[in-house]
Amino acid sequence: PSIRAQMMTERARLLGMAATNLAGLRSEAGAGSGTTTVRDAARLVRALVDHPEVVRWAALPGVPFDGGPVVLRNTNALVGTVVGVDGVQAARADGNCAVMATAKRNGARVVAVIAGAAPPERCYDEAAALIERGFRSFASVALVREGEPLNVSIAVEGGTVDTITPVATRSFSYFQRR
């Protein structure tokens, strides 16, 4: 395996993708295919959505090629057709399809991963249904909103004040089954 493939596999491990092995990427001469699981793919998507620029790029329906009139279309059929879908990836290889999608509504995010031998249309339909089920079945519960003081005081030794109250630098929430 190449150094690049080994590094990618190591990074996958750091993301919690324990079942992923990219040491046999097809693009390398004489190599077989890499392996992963649907669970690991979902972990990858969760890591990607932590980068707003990735989500903005993946949500685009298309981009002009070289600034000209030709538009490169996003191959993810869910973008622009399912409310809140902001992308990530859709792939097809050897007649199989895989759809990794994320959607955000009312501050809550759902990740859907579908993989199988079904025709691409069916993969997209199943991913859309999974996204809808996620939003129907779970609700986002806010723990703290950005800018809110936390309900705790921290002692300050040798400062100009005796205690401080920390303030949330970002909002935190969790999904709870309805």
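Summary of values
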read-out	value
Cβ-defined net charge surrounding ALA103, 10 Å radius [Lys, Arg +1; Asp, Glu -1]	+1
The chain - accessible surface per residue (Å², probe 1.4 Å)	66
Gaussian network model of the chain, springs between alpha carbon atoms under 10 Å - residue of GLY116, GLY16, GLY68 with greatest fluctuation	GLY68
Rg(Cα)/(2.2 N^0.38 Å) for the chain, N = residue count	1.32
Backbone N within the range 92-132 under 11 Å of label point (7 Å from ARG39 Cα along the Cβ vector)	none
Most mobile listed residue (LEU78, LEU14, LEU48) in the chain, GNM with C-alpha springs under 10 Å	LEU14
Rounded to the nearest 10 Å², the accessible area of SER137 at probe 1.4 Å	30
Global form of the range 39-126, assessed from the alpha-carbon gyration tensor, a/c cut-off 1.5	oblate
The range 23-178, accessible surface, carbon-and-sulfur percent (1.4 angstrom probe)	55
GLN176 versus ALA129: modelled label distance in nm, points set 7 Å from Cα along the beta carbon direction	3.0
Rounded FRET efficiency, nearest 0.05, which uses the C-beta distance separating ALA155 from THR81 and R0 of 35 Å	0.05
VAL70 versus GLU121: modelled label distance in nm, points set 7 Å from Cα along the beta carbon direction	2.8
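The values are calculated or read from the model by the stated rules, or taken from the named source; none is laboratory data. This is a predicted model, so every value here is computed, not measured. Positions of Cβ are generated from backbone atoms using ideal geometry, with glycine treated the same way; all protein chains shown enter the neighbour counts. Ligands, DNA and RNA are excluded from the accessible area calculation, which covers all protein heavy atoms including side chains. Shrake-Rupley method; radii C 1.70, N 1.55, O 1.52, S 1.80 Å.
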